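Visitor: This is the structure, below, for whatever I ask next.
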């Protein structure tokens, strides 16, 4: 047997990261394994928002743009996120949504290639990349007269970057951890392969920033974006972030050339003059309430630094996902589940994904009814339906992984998910 | 004499809109005349945000996307704003920033013209339009190979739309109320003139939505955007809004084709299929905290509906700005001030702007030190420095307009602003 419940409890008792859990306001009575969709509320956020709303906005009003540092939020929070993704201060800003930021950097990357290597006609990505990335890429491809080439599996990426087609690739656009399978891509190797054929790289860190060490500079990446409301715990629809390697940041206007990206926004001049560096990747007025919550969220991750930081979080994350996967294999056999996320640590993000030909949605619902919150991602012709369980090492305990598997086993053995499925199929609405 | 202080107090006493002031948490000890920069905190916002943060996010987590209606926020709040700008339900959404939304609609308008009237080479606007509008227009003009033609005064717009150059205009992009001068443009006439030469119109309602009746449909406008944090009181960096006339909304992808604008975002398909109508103008995940605050702000304007709505607010706004301008002309003569905002009600927004060749910044600072909050907008070769006073009829009282002028007079007569100016010029930092 992999581990008893008491052994899981013992792991929690000696977990050096366990104190970090106190920084969260966890939902009572639930095992929350969906931090990769929406991170849990930090304990500090509500009070901080009251301060921003009642004092900074309510009492100080416009003076807070300076006195409360509102105008500096995108850069100040950006500098904090920079520490989590392996880049320097002044290189990254918090702004807008992931989709909007992707548009900025993908547009910039395509414009660079049009200038430097004209005639390249491909943006390469994975068919299973998160849809909004593909939708934005379709739009940018249309604007630049490029083709979006999608490979069916990460194993096909080296071939797409090799041979004759490799010389046609303008941009390689990938998400480091796949939202549906949990597969972690090798950023260093893929970036090197892209550069080897003269392509630029755009990395989406939505499912990796805050969950595992990301080394954008060491991997020599070109552009990156990421999400504020998953492992950064910034709250629903939190501002996202955007980074451009300093060697590229000054080269082009990004197309969303709003006033906050101007070199001197308060001169109110009629001509756009982009700010130096990453500052030009700002657009409109920053979303102050969202920024305040994002900063509280990022601080929960930075609080791990004295305890070993992202390396320690990564070790715990791998231990949690290993434990969960081992227990599922051991205790839920014979129920048609397939492990989709990789067993090899180097290829696995911070989630465990299980496939099932039928009933995946109903099983997730039955688990939620028992207080175990994972989520469901529908399959299609190529991939099966998925039960997805995210493990945020900041606040998830080993005993929760253990208990979650027991609930899964009970749901499968009792067949209670079939009632949920029956209700769903026969619902009057 | 225009009016005594007692007469101003009497106006407040019989003001039918006076009860609306109770819906705000006003800054103590100040006369706030800057709601055109950042609207005052509504009394309901702080409690509502606590509910969203602590209950919807903290306790319900991802379920709130459905159970708390998060996913419907852009459309639900959009329907409320629609009532303020003369368009129907389902035609307008709250989303992103003003700058980002302008990019979406200006891009769409240019794409339509490229298809329908190829060869048109101009985007026409005012040189004194708010800078971010001009910066975004410069970017879109570059992408489409168009030229941004700026007129120096609104009086020059008819000429720009007439003659030979009129046939070259693809898009007329204007802000209904000028942020610096307070000039209110004639939306109906300018839209008709643009349509007369085959141009499309994009209207920025940043300084008009919530301050005066806006009639987008009656004026037959094509596209509009607006700001959530000025007269809509949505808080710093609140989500903005975007409207496309239903005759255009389905025609093109807008370029920021994120997943929230997909016809079925939760099918997670790899191909973008735009939502019907205005839904496709959404992009990334909505900023839930900002949306919640925006809704509280919009509700403060809708609360005027039983009391006469925007027509009543407009009447009070004109009375306030008239009173202020009259008193300045009467009591602050001989101090080098020039009234920049028009006296004619039909040409005036909800602000009074005064120009002065020197010291404008210091005068604004001296007023702030006395608790009268207006703001300063720097001039340039064409326009002088401006002292700007915004009048939000929801919460501004007649006696505040009266007292503000008295403070202005005292600042000018005592010369105390010169000390502020001396300090500014000789500051060590």
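Visitor: Being more than 7 Å from chain B (Cβ to nearest Cβ), without any contact (Cβ under 8 Å) to a residue 60 or more places away in the chain and under 19 Å from residue A:90 (Cα atoms) is the filter here; which residues of the stretch A:246-276 pass it?
Guide: Matches in the stretch A:246-276: A:247, A:250, A:261, A:263, A:264, A:265, A:273, A:274, A:275, A:276.
Visitor: Looking only at the stretch A:413-424, decide whether some residue is buried (at least 20 other Cβ atoms within 10 Å of the Cβ), in a helix (DSSP H, G or I) and assigned by TED's automatic domain parsing to the domain that holds residue A:331.
Guide: Filtering the stretch A:413-424 for residues buried (at least 20 other Cβ atoms within 10 Å of the Cβ) gives A:417, A:420.
Restricting the remaining residues to those that are in a helix (DSSP H, G or I) gives A:417, A:420.
Remaining after also requiring assigned by TED's automatic domain parsing to the domain that holds residue A:331: A:417, A:420.
Yes: the stretch A:413-424 contains one or more residues that are buried (at least 20 other Cβ atoms within 10 Å of the Cβ), in a helix (DSSP H, G or I) and assigned by TED's automatic domain parsing to the domain that holds residue A:331.
To keep it simple, each residue is scored yes or no on (1) outside the structural domain of residue B:317 (by TED's automatic domain parsing); (2) in contact (Cβ under 8 Å) with a residue 40 or more places away in the chain; (3) closer than 30 Å to residue B:309 by Cα; (4) not in a helix (DSSP H, G or I).
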| position | (1), (2), (3), (4) |
| --- | --- |
| B:353 | no, yes, yes, yes |
| B:380 | no, no, no, yes |
| B:400 | no, yes, yes, no |
| B:408 | no, yes, no, no |
| B:411 | no, yes, no, no |
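Visitor: Next up: Go through (1) over 23 Å from residue A:132 (Cα atoms); (2) more than 9 Å from chain B (Cβ to nearest Cβ); (3) crowded, with 24+ Cβ neighbours inside 10 Å one by one and return the number of the condition residue A:289 breaks.
Guide: (2)
Visitor: Quick one: residue A:164 ticks every box in (1) away from chain B (no Cβ under 14 Å); (2) part of a helix (DSSP H, G or I); (3) in contact with a helix residue (DSSP H, G or I) (Cβ under 9 Å, 6 or more places away or on another chain) except a single one, so which number is it?
Guide: (3)
Visitor: While we're on this one: When residue A:87 is evaluated against the numbered criteria (1) surrounded by fewer than 19 Cβ atoms within 10 Å (Cβ to Cβ); (2) not in a helix (DSSP H, G or I), which criterion, by number, is the only one it fails?
Guide: Among (1) surrounded by fewer than 19 Cβ atoms within 10 Å (Cβ to Cβ); (2) not in a helix (DSSP H, G or I), the lone unmet condition for residue A:87 is (1).
Visitor: Would you pick out the residues in the stretch B:55-76 that are more than 13 Å from chain A (Cβ to nearest Cβ) and touching a strand residue (DSSP E or B) at 6+ places or on another chain (Cβ under 7 Å)?
Guide: B:75 - this is the single residue of the stretch B:55-76 that is more than 13 Å from chain A (Cβ to nearest Cβ) and touching a strand residue (DSSP E or B) at 6+ places or on another chain (Cβ under 7 Å).
Visitor: Okay, moving on. So residue B:242 clears everything in (1) in contact with a strand residue (DSSP E or B) (Cβ under 8 Å, 6 or more places away or on another chain); (2) outside any strand (DSSP E or B); (3) closer than 24 Å to residue A:254 by Cα except one condition, right? Which one?
Guide: (2)
Visitor: Let me ask you something else. Condition (residue is in contact (Cβ under 8 Å) with a residue 40 or more places away in the chain, assigned to a helix (DSSP H, G or I) and closer than 28 Å to residue B:273 by Cα) applied to the stretch A:71-80: is it met by at least one residue?
Guide: no
Visitor: Which condition number does residue A:11 fail, the rest of (1) assigned by TED's automatic domain parsing to the domain that holds residue A:395; (2) touching a helix residue (DSSP H, G or I) at 6+ places or on another chain (Cβ under 7 Å); (3) surrounded by fewer than 16 Cβ atoms within 10 Å (Cβ to Cβ) being met?
Guide: Status for residue A:11: all satisfied but (3).
Visitor: Would you mind finding the one in B:346, B:355, B:366 that is buried (at least 23 other Cβ atoms within 10 Å of the Cβ) and away from chain A (no Cβ under 13 Å)? First the steps, then the outcome.
Guide: Details: B:346 fails: buried (at least 23 other Cβ atoms within 10 Å of the Cβ); B:355 fails: buried (at least 23 other Cβ atoms within 10 Å of the Cβ).
Of the residues listed, the single one that is buried (at least 23 other Cβ atoms within 10 Å of the Cβ) and away from chain A (no Cβ under 13 Å) is B:366.
Visitor: Let me ask you something else. Given the residues A:239, A:265, which is the only one that is under 29 Å from residue A:66 (Cα atoms) and surrounded by fewer than 24 Cβ atoms within 10 Å (Cβ to Cβ)?
Guide: Working: A:239 fails: surrounded by fewer than 24 Cβ atoms within 10 Å (Cβ to Cβ).
Selected residue: A:265, the only one of A:239, A:265 that is under 29 Å from residue A:66 (Cα atoms) and surrounded by fewer than 24 Cβ atoms within 10 Å (Cβ to Cβ).
Visitor: I would also like to ask the following. Return only the number of the condition from (1) at pLDDT 95 or above; (2) out of contact with any strand residue (DSSP E or B) (no Cβ under 8 Å at 6 or more places or on another chain); (3) farther than 18 Å from residue B:223 by Cα that residue B:116 does not satisfy.
Guide: It fails just one condition, (3).
Visitor: Is it the case, given these coordinates, that residue B:132 is touching a helix residue (DSSP H, G or I) at 6+ places or on another chain (Cβ under 6 Å) and either at pLDDT 95 or above or not assigned by TED's automatic domain parsing to the domain that holds residue B:239 (or both)? Talk me through it step by step, then tell me what you get.
Guide: Details: touching a helix residue (DSSP H, G or I) at 6+ places or on another chain (Cβ under 6 Å): yes; either at pLDDT 95 or above or not assigned by TED's automatic domain parsing to the domain that holds residue B:239 (or both): yes.
When the stated conditions are applied, residue B:132 passes them.
Visitor: Next question. In the stretch A:314-348, what residues are under 25 Å from the mean Cα position of the chain (by Cα) and in a loop (DSSP other than H, G, I, E, B)?
Guide: A:340, A:341, A:342, A:343, A:344
Visitor: For residue A:141, work out the one condition from (1) crowded, with 20+ Cβ neighbours inside 10 Å; (2) more than 12 Å from every other protein chain (Cβ to nearest Cβ) it doesn't fulfil.
Guide: (2)
Visitor: Which is within 10 Å of chain A (Cβ to nearest Cβ), more than 23 Å from residue B:294 (Cβ to Cβ) and modelled with pLDDT of 95 or more, of B:5, B:30?
Guide: Only one candidate passes the filter, namely B:30.
Visitor: Something else about it: Right, residue A:221: in contact with a strand residue (DSSP E or B) (Cβ under 6 Å, 6 or more places away or on another chain), more than 14 Å from chain B (Cβ to nearest Cβ), in contact (Cβ under 8 Å) with a residue 12 or more places away in the chain and not in a strand (DSSP E or B) or not? Let's see the steps before the verdict.
Guide: Details: in contact with a strand residue (DSSP E or B) (Cβ under 6 Å, 6 or more places away or on another chain): yes; more than 14 Å from chain B (Cβ to nearest Cβ): yes; in contact (Cβ under 8 Å) with a residue 12 or more places away in the chain: yes; not in a strand (DSSP E or B): yes.
Yes; evaluated as a whole, the condition is true for this residue.
Visitor: For residue A:310, are the conditions met, namely being in contact with a helix residue (DSSP H, G or I) (Cβ under 7 Å, 6 or more places away or on another chain), free of Cβ contacts under 8 Å to residues at least 40 places away in the same chain and in a helix (DSSP H, G or I)?
Guide: On the way: in contact with a helix residue (DSSP H, G or I) (Cβ under 7 Å, 6 or more places away or on another chain): yes; free of Cβ contacts under 8 Å to residues at least 40 places away in the same chain: no; in a helix (DSSP H, G or I): yes.
In short, no.
Visitor: Let me ask something else about it. For residue B:52, state whether it is within 13 Å of chain A (Cβ to nearest Cβ) and over 30 Å from residue B:148 (Cβ atoms). Don't jump to the end; show me each part of the working.
Guide: Working: within 13 Å of chain A (Cβ to nearest Cβ): yes; over 30 Å from residue B:148 (Cβ atoms): yes.
Spelling it out, residue B:52 is indeed within 13 Å of chain A (Cβ to nearest Cβ) and over 30 Å from residue B:148 (Cβ atoms).
Visitor: Just to be sure, is residue B:294 within 10 Å of another protein chain (Cβ to nearest Cβ) and under 30 Å from residue B:397 (Cα atoms)?
Guide: Working: within 10 Å of another protein chain (Cβ to nearest Cβ): yes; under 30 Å from residue B:397 (Cα atoms): yes.
Spelling it out, residue B:294 is indeed within 10 Å of another protein chain (Cβ to nearest Cβ) and under 30 Å from residue B:397 (Cα atoms).
Visitor: Is there a residue in the stretch A:40-49 that is facing chain B (nearest Cβ under 8 Å), more than 26 Å from residue B:32 (Cβ to Cβ) and touching a strand residue (DSSP E or B) at 6+ places or on another chain (Cβ under 9 Å)? Even if it seems obvious, please write down each step before you answer.
Guide: To start, the set of residues in the stretch A:40-49 that are facing chain B (nearest Cβ under 8 Å) comprises A:40-41, A:45-46, A:49.
With more than 26 Å from residue B:32 (Cβ to Cβ) added as a condition, the list becomes A:40-41, A:45-46.
Checking which are touching a strand residue (DSSP E or B) at 6+ places or on another chain (Cβ under 9 Å) leaves us with A:40-41.
Checking the stretch A:40-49: at least one residue is facing chain B (nearest Cβ under 8 Å), more than 26 Å from residue B:32 (Cβ to Cβ) and touching a strand residue (DSSP E or B) at 6+ places or on another chain (Cβ under 9 Å).
Visitor: Return the total of residues in the stretch B:1-27 being more than 18 Å from residue B:303 (Cα to Cα) and either within 25 Å of the chain's Cα centre (by Cα) or assigned to a helix (DSSP H, G or I) (or both). I'd like the intermediate steps shown before the answer.
Guide: Here is the first cut: in the stretch B:1-27, the residues more than 18 Å from residue B:303 (Cα to Cα) are B:1-14, B:27.
Now narrow it down to the ones that are either within 25 Å of the chain's Cα centre (by Cα) or assigned to a helix (DSSP H, G or I) (or both): B:5-13, B:27.
Residues meeting the conditions: 10.
The rows are residues; the columns are (1) over 15 Å from residue B:70 (Cα atoms); (2) surrounded by fewer than 24 Cβ atoms within 10 Å (Cβ to Cβ).
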| site | (1), (2) |
| --- | --- |
| B:284 | no, no |
| B:302 | yes, yes |
| B:317 | yes, no |
| B:321 | yes, no |
| B:327 | yes, yes |
| B:330 | yes, yes |
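Visitor: Here is a follow-up. Which condition from (1) more than 10 Å from every other protein chain (Cβ to nearest Cβ); (2) buried (at least 17 other Cβ atoms within 10 Å of the Cβ); (3) not in a loop (DSSP other than H, G, I, E, B) is the one that residue B:101 breaks?
Guide: (1)
Let's see how each residue does on (1) part of a helix (DSSP H, G or I); (2) modelled with pLDDT of 95 or more; (3) within 20 Å of the chain's Cα centre (by Cα):
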{"residue": "A:150", "(1), (2), (3)": "no, yes, no"}
{"residue": "A:172", "(1), (2), (3)": "no, yes, yes"}
{"residue": "A:180", "(1), (2), (3)": "no, no, yes"}
{"residue": "A:188", "(1), (2), (3)": "yes, yes, yes"}
{"residue": "A:193", "(1), (2), (3)": "yes, yes, no"}
{"residue": "A:203", "(1), (2), (3)": "no, yes, yes"}
{"residue": "A:207", "(1), (2), (3)": "no, yes, yes"}
{"residue": "A:212", "(1), (2), (3)": "no, yes, yes"}
{"residue": "A:215", "(1), (2), (3)": "no, yes, yes"}
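Visitor: Within the stretch B:18-26, does at least one residue satisfy the condition of being within 30 Å of residue A:34 (Cβ to Cβ), surrounded by 16 or more Cβ atoms within 10 Å (Cβ to Cβ) and at the interface with another protein chain (Cβ under 9 Å from one of its Cβ atoms)? Explain how you work it out, then say what you get.
Guide: Within the stretch B:18-26, the first condition is being within 30 Å of residue A:34 (Cβ to Cβ), and the residues that meet it are none.
Looking for residues that are within 30 Å of residue A:34 (Cβ to Cβ), surrounded by 16 or more Cβ atoms within 10 Å (Cβ to Cβ) and at the interface with another protein chain (Cβ under 9 Å from one of its Cβ atoms), one finds none in the stretch B:18-26, hence no.
The values are calculated or read from the model by the stated rules, or taken from the named source; none is laboratory data. The structure presented is a predicted model; accordingly, all values stated were derived computationally and were not measured. Neighbour counts are summed over all protein chains in view; Cβ atoms, including those assigned to glycine, are modelled from backbone coordinates with ideal geometry.
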